[in-house]
Amino acid sequence: MVTPLDVASYNEGSMPKMIVLKNALFRNVQCSFYPLQVFRHTNRKYYSTQEAYMSAWQIHQYGGPEQLKLYNTVEIPTVQRPWDVLVKVHAASINPIDGMMLGGYGAATMNAFRRLTCSFSEKNEFPLILGRDFSGVVVATGKAIPQSKFKPGDEVWGAGDPWRQGAFAEYTVVNALQISHKPKQLGHTDAATMPYVGATCWSALCTLGTFAASQHDWKEHVEAKTSRSQSLFQSTSSFSVQLQQTTQPSLALVIGGSGGIGTFSIQLLKAWGAEVTSTCAGDAVMKVLELGADIALDYTKEDVFLELKRLPQFDLILDAVDDNSEQCMPLLKKYANARYITLKTPFLRNNDDSLFPLGLIKTGITLGTHNIKALQQGQTYRWGLFMPNGYAMKQIAELVDAGKILPVIEKVYPFSKLSSGLEKVATKHNRGKSVLDVSDQHVDVQHEEPEQQHAQANT
Ligand SMILES: NC(=O)c1ccc[n+]([C@@H]2O[C@H](COP(=O)([O-])OP(=O)(O)OC[C@H]3O[C@@H](n4cnc5c(N)ncnc54)[C@H](OP(=O)(O)O)[C@@H]3O)[C@@H](O)[C@H]2O)c1
């Protein structure tokens, strides 16, 4: 195991010694003096050796797949903040948002957050590394992170802030509060399917949807009260049993059960004890049922909303396809705190299209208008948004290790084939997740002098 200054003993080959030395020195000197990171970044070039670089997919402007360039001369990022972690990425999932961000989607909001929250060296928009989540191994930690939480060598997973550099690279830096230890039962490729969709579903259903929140509090209450040495998941199981004895299971509908969000949310809702109905195309019906859905309806065959009207009304609808609120609101229970949650939100697009704060005002008006109608029926209309969440990652890892959530992989792409993966995901006819195997290195790397890249980054 590597302690911050135990550089000489670091012999795992996953991190060049020069970088370990540099991180160790600067973590101890400068993380305590955060503003000094400016000087630390400037100092970087004095440590530049060939070993200090990694392979990464970068873009220097927004556009199509032709903008993606694979370099092997990108500087390995350093831990600049006390609560950050440097991770060697083994695998990352490919999401629709990556193709959209490649085209410039969300740029206005991302730049605003970069200006507000990022350190000096991270404020540049380009060169930009996409890739929203990862499974990998901790290489270095900020000074504020206790060894009991994360230490070099730990296997972790997570999805970080979307305005920071992403995970289509050999190394990435992420806030320690946004990751957890990865499930022990899964290898990196399987694990990488989950953090981004997992954090989105957690946020949509639990944080913003407040669907499982009460169940969750209850679970923690039980845990605090029982000093039994049972595992966290055993508590969850006993909770579920007890919940079902005293209350009816909640009825949930997932529109679009076959994609990344759909396959994950069905399993999460089932793990929380809900009864789940889902819609998908005919070829995916069996898979959706295998994942635990109680009812799967083929939306290509019949008027699926007519079919859904014949079923008992729902407590919750998660729409992973579009904003189908017109058809969905009548499917919800009335005056029972039922909610419709769509992942198709105009939040980022409004900010791209209109000057601040006009975009936010537009967004507020849309949300308000929907809710004025919904509240008259005792229902709510909500938006699900991705939010990084290390606590959610930890809970999901426990559900995975307990066999409650399985990875659903459509295809694994070697690192050099990112463009093919993005093209496939952009078709939106996905079945589960596409994964980029970052450890499966690579051909056709474009060589470019590091100083040249610096020049580009600063123009
Ligand atoms: N707001 C946020 O923060 C956030 C975060 C993550 C994702 N999202 C959004 O959520 C959506 C889903 O993401 P994802 O990763 O799950 O995408 P995905 O993997 O492409 O899945 C979409 C799935 O929906 C199916 N589908 C399409 N039309 C359908 C319909 N009318 N009825 C039922 N199923 C249908 C597709 O298969 P077929 O077309 O073959 O039927 C596909 O399996 C995307 O629009 C994404 O941008 C938003």
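Structural remarks
- Point-to-point label distance, Tyr391-Ala112, nm (Cα→Cβ direction, 7 Å offset): 2.5 nm
- Overall dimensions of region 324-451, expressed as equivalent-ellipsoid semi-axes from the Cα gyration tensor (√(5λ), whole Å, largest first), are 37, 24, 15.
- Förster radius 45 Å - calculated FRET efficiency between Glu66 and Asp303 (Cβ-Cβ, nearest 0.05): 0.65
- Over 21 Å (Cα to Cα) - which of Lys287/Lys433; Lys301/Lys404; Lys149/Lys184; Lys309/Lys334 fall in this group: Lys301/Lys404
- Cα gyration tensor, region 123-180 - rounded (a/c under 1.5), prolate or oblate: prolate
Each reported figure results from applying straightforward, stated rules to the coordinates on display, with no laboratory input. Note that the coordinates shown come from a computational prediction; the quantities given were computed from them, not determined experimentally. Because the Cβ atoms are built from the backbone with ideal geometry, glycine has one as well, and the counts that use them run over all protein chains shown.
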